[in-house]
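Taking it in order: structure first as C-alpha cells, then the write-up.
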Amino acid sequence: MGGHTASFRNETGFLFDVGPHISFTKDTRIQSLFAESVEQDYETVQINLNNYWRGHWPLHPVQLHLHGLPQDTIVKVISDFVEQHQKPEMPVKNYADWLISSFGNTFAETFPMQYTRKYHTTAADNMSTDWLGPRIYRPNLEEVLRGAISKSAPHVHYITHFRYPSAGGFVNLPEEVCPARKSAAQSRTAVNRSSSARDPLLKRAYNRLRRAWSPRCRFRTSFA
C-alpha cells in the first residue's frame, strides 16, 4: 500500500490531518479491523460533495449538476456531449481520450482536465486509465439534461459515507493497526518536542526516524 497518514494538533488545539484521509472502504473485514483498532470509537459521516468553479458551487459530480452554471457553458457542454456520442467510438489510449470519449471536448477540457493538472500535476494525456474504476460517473443524455434544468438531480458517487475516529485524528487507525508505526511516531514526537531538538545531531536522528517508519506500515486511505 502506498501513501502516508499523519495527524497533528496545533497550539490552539485544532486537529489537522495531512492529506484528505478518510476510510470509505466497503470491505467488511477492513471495516472491522479499523473499528477494533479504535475500540469502536468512530463516527460514520454522510458524504456531501460540491465543487468550486469561477464563483459557482456545482454539486459533485458536475456532469450531473450543470444547473446554475453560465448558460453558454451548459449549452456547449451538452452540444459536445451529444456530438461525441453520435460519433463512432474512438480508441482510448490515455485518460484524456477517455474523458473526451465520455463527455465531449468542452466538459473534459473545462473541468476534469483542469482538475487533473492541479491535483495530479500532469496532463490527462500523460495518464493511463487503469486507476479509474468507479471514480468518475458516466451519465447518459437524460441524466445530463435533468441536471442542467433542475437542482434536484440525483447524487451519484461511489462514496456515500465514510468513517473517522472520534478522537485523535485519522492517524489513530494505522498507528493502532501497526505497532511499529505507533512506536516510531512516539519517538518522533519526543525528539521533535525536545528543546534540544535544535541540535544538528538530533535533527539528523529525527530525520532518520521519519525515513525509517514510513515504508514499514503504509496506508493508502485518501479520498479519491
Of Lys76, Lys26, the only residue that is in contact with a helix residue (DSSP H, G or I) (Cβ under 6 Å, 6 or more places away or on another chain) and of a type outside the set (A, V, I, L, M) is Lys76
Of the residues in segment 115-138, those that are in contact (Cβ under 8 Å) with a residue 40 or more places away in the chain and surrounded by 14 or more Cβ atoms within 10 Å (Cβ to Cβ) number 2
If Gly55 satisfies all but one of (1) on the phi > 0 side of the Ramachandran plot; (2) touching a residue at least 12 places away in the same chain (Cβ under 8 Å), what's the number of the condition it fails? (2)
Answer with yes or no whether Asn105 is modelled with pLDDT under 90, of a type in the set (S, T, N, Q) and under 25 Å from Gly147 (Cα atoms). no
Could you check Glu109 against (1) surrounded by 11 or more Cβ atoms within 10 Å (Cβ to Cβ); (2) within 19 Å of the chain's Cα centre (by Cα) and say which number it fails? (2)
Condition check for Leu141: exposed (fewer than 14 other Cβ atoms within 10 Å of the Cβ), at pLDDT 85 or above, within 19 Å of Ile74 (Cβ to Cβ) and among the aliphatic types (A, V, I, L, M): yes
I'd like to verify a number: residues in segment 1-41 that are at pLDDT below 85 and within 19 Å of Tyr119 (Cβ to Cβ), how many? 10
So which residues in segment 7-47 are touching a residue at least 60 places away in the same chain (Cβ under 8 Å) and assigned to a loop (DSSP other than H, G, I, E, B), if there are any at all? Gly19, Pro20, Ile22, Phe24, Val38, Asp41, Ile47
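The values are calculated or read from the model by the stated rules, or taken from the named source; none is laboratory data. Since this is a predicted model, take the numbers as computed values, not measurements. So basically every Cβ, Gly included, is an ideal-geometry build from the backbone, and we count neighbours across all protein chains shown.
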